[in-house]
Amino acid sequence: MDKAAQERPSRFPRQRTGIRVSFEFFPPKTEEMEKTLWDSIERLHPLHPSFVSVTYGAGGSTRERTHSTVNRLLAETDLVPAAHLTCVAATREDVDDVIRAYVAAGVRHIVALRGDAVGGPGERYAPHPGGYRNAADLTAGIKRIAPIEVSVAAYPEKHPDSPSVDADIDMLEAKIDAGANRAITQFFFDNDLYFRYLDRVHARGISLPIVPGILPVQNFNQTRAFALRCGASIPPWLADRFAGLDDDVATRKLIAAAVAAEQVFDLVDRGVRDFHFYTMNRADLVYAICHLLGLRPDEARAAA
Ligand code: FAD
């Protein structure tokens, strides 16, 4: 065996690799979507994620639904919920009320975000005159209210509003100075982009965990549209792998599992141990990838 291969960590059981995962969900709009979400949570629950996060819809549009999903997680499961929160179109007082309500309900982890302009990611963002200016300001506001965990966003390909990667890292630094405990990245498909970004972040003396956000490609066209809006690139090889499969759901799913497995194995080989999965409220692909990573439900581990 060559030396590099010997040094590579084992790809198998969690006990040996120390793999930790977290799962992101969005609050459901309809009863049917609610069922899909809770079926997915039930399926993924036994994998013991470090936390499960619940997004906050654009412009605070899901405030009530985010809250009720988080409350149900607290009431009916032993999962650790992380509630997303944005500053969009809200005064500080409004946002502080949401933070206090979360804390009173038992939430101990918030994902603090600026959010996008009400007109969508293409429109220039303007903070509410009486609101938090950005995610760093929001992070400081949360920490003033309660000493809870705060995760923030990071952008390996820079945020579309940032003039440069360095300006983007300035904002990451401001979020850390405000008390952020971890950053979770926007999704990416080319791992080299993530490692180049980490090099630049580390060169600035930042040692906070920057957890890769992994998006299993449930639907390639939707992923491409999403990537365009948030400034993530789609490598030509990825488009090629899904080409011609628009009407072939079964093959698409197999390809998606293979693509995501390849990505996470490469990250594991290069030392990554924490993963945040954008589940899109669907469990199958994420469950399969976690299984490949060596994560097992309690019963399976107990029986092994
Ligand atoms: P910030 O960190 O405040 O800013 C983002 C970037 O914009 C900075 O890096 C900075 O370089 C640039 N910037 C900010 N202000 C200025 C300025 N005044 N001048 C020049 N440049 C500036 N959105 C939701 O609506 N709900 C969610 O639940 C949600 N969850 C997310 C979870 C993750 C892990 C990620 C990665 C993103 C999520 N988003 C969510 C999307 C996020 O709200 C958008 O990307 C938003 O545009 C930026 O939010 P932020 O917290 O990164 O902002």
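The values are calculated or read from the model by the stated rules, or taken from the named source; none is laboratory data. On a predicted model such as this, the values are computed, not experimentally measured, just so you know. Note that each Cβ is placed from the backbone with ideal geometry, even for glycine, and that neighbours are counted across all protein chains shown. To get the accessible areas, we keep the full protein, side chains included, count just its heavy atoms, and leave off ligands, DNA and RNA. Shrake-Rupley method; radii C 1.70, N 1.55, O 1.52, S 1.80 Å.
For the stretch 29-60, name all the residues that are surrounded by fewer than 15 Cβ atoms within 10 Å (Cβ to Cβ) and part of a loop (DSSP other than H, G, I, E, B).
Across the stretch 29-60, the qualifying residues are Lys29, Thr30.
Would you list the helices (runs of 4 or more DSSP H) that sit entirely within the stretch 214-304 and hold 2 or more residues that are in contact with a strand residue (DSSP E or B) (Cβ under 8 Å, 6 or more places away or on another chain) and of a type in the set (A, V, I, L, M)?
Values: elements: 220-230, 236-242, 249-269, 284-292, 298-303.
Because the criterion is at least 2 residues that are in contact with a strand residue (DSSP E or B) (Cβ under 8 Å, 6 or more places away or on another chain) and of a type in the set (A, V, I, L, M), the helices (runs of 4 or more DSSP H) in the stretch 214-304 that meet it are 249-269, 284-292.
Restricting to the stretch 74-98, name every residue that is open to solvent by 40 Å² or more (accessible area, probe 1.4 Å) and among the aliphatic types (A, V, I, L, M).
Leu74, Ala75, Val80, Ala89
Show the residue pairs meeting these rules: Cβ distance below 6 Å; 6+ apart or different chains; first residue within the stretch 77-89 and within 7 Å of Ile110 (Cβ to Cβ); second residue in a strand (DSSP E or B) and open to solvent by 10 Å² or more (accessible area, probe 1.4 Å).
Between residues of the stretch 77-89 that are within 7 Å of Ile110 (Cβ to Cβ) and residues that are in a strand (DSSP E or B) and open to solvent by 10 Å² or more (accessible area, probe 1.4 Å), the close pairs are Ala82/Phe51.
I'd like the full set of residues that are in contact with a helix residue (DSSP H, G or I) (Cβ under 8 Å, 6 or more places away or on another chain) and open to solvent by 10 Å² or more (accessible area, probe 1.4 Å), limited to the stretch 236-257.
Ala239, Arg241, Leu245, Asp246, Arg252, Lys253, Ile255, Ala257, listed by residue number.
Can you name the condition, by its number, that Val268 falls short on among (1) over 18 Å from Phe51 (Cα atoms); (2) buried (at least 17 other Cβ atoms within 10 Å of the Cβ); (3) touching a residue at least 60 places away in the same chain (Cβ under 8 Å); (4) out of contact with any Lys or Arg (no Cβ under 9 Å at 6 or more places or on another chain)?
Val268 satisfies all of (1) over 18 Å from Phe51 (Cα atoms); (2) buried (at least 17 other Cβ atoms within 10 Å of the Cβ); (3) touching a residue at least 60 places away in the same chain (Cβ under 8 Å); (4) out of contact with any Lys or Arg (no Cβ under 9 Å at 6 or more places or on another chain) except (4).
Kindly list, by first and then second residue, each pair from a residue in the stretch 242-255 that is at pLDDT 95 or above to a residue that is of a type in the set (Ser, Thr, Tyr) and assigned to a helix (DSSP H, G or I), limited to pairs with Cβ atoms under 8 Å and residues at least 6 apart or on different chains.
Hits for this filter: Leu245/Thr251.
Taking the condition more than 9 Å from the ligand (Cβ to nearest atom), modelled with pLDDT of 95 or more, under 15 Å from His276 (Cβ atoms) and open to solvent by 20 Å² or more (accessible area, probe 1.4 Å), does Pro209 pass?
yes
Kindly indicate the residue of the stretch 58-82 that is near the ligand (Cβ under 9 Å from one of its atoms) and of a type outside the set (Ser, Thr, Tyr) and also modelled with the highest pLDDT among those meeting that condition.
This residue is Ala58.
When you scan the stretch 99-205 for helices (runs of 4 or more DSSP H) that lie fully inside it, which ones turn up with 3 or more residues that are open to solvent by less than 50 Å² (accessible area, probe 1.4 Å) and either near the ligand (Cβ under 8 Å from one of its atoms) or free of Cβ contacts under 8 Å to residues at least 40 places away in the same chain (or both)? Spell out how you get there, then give the answer.
Numbers: elements: 135-145, 165-177, 191-203.
Qualifying helices (runs of 4 or more DSSP H): 135-145, 165-177.
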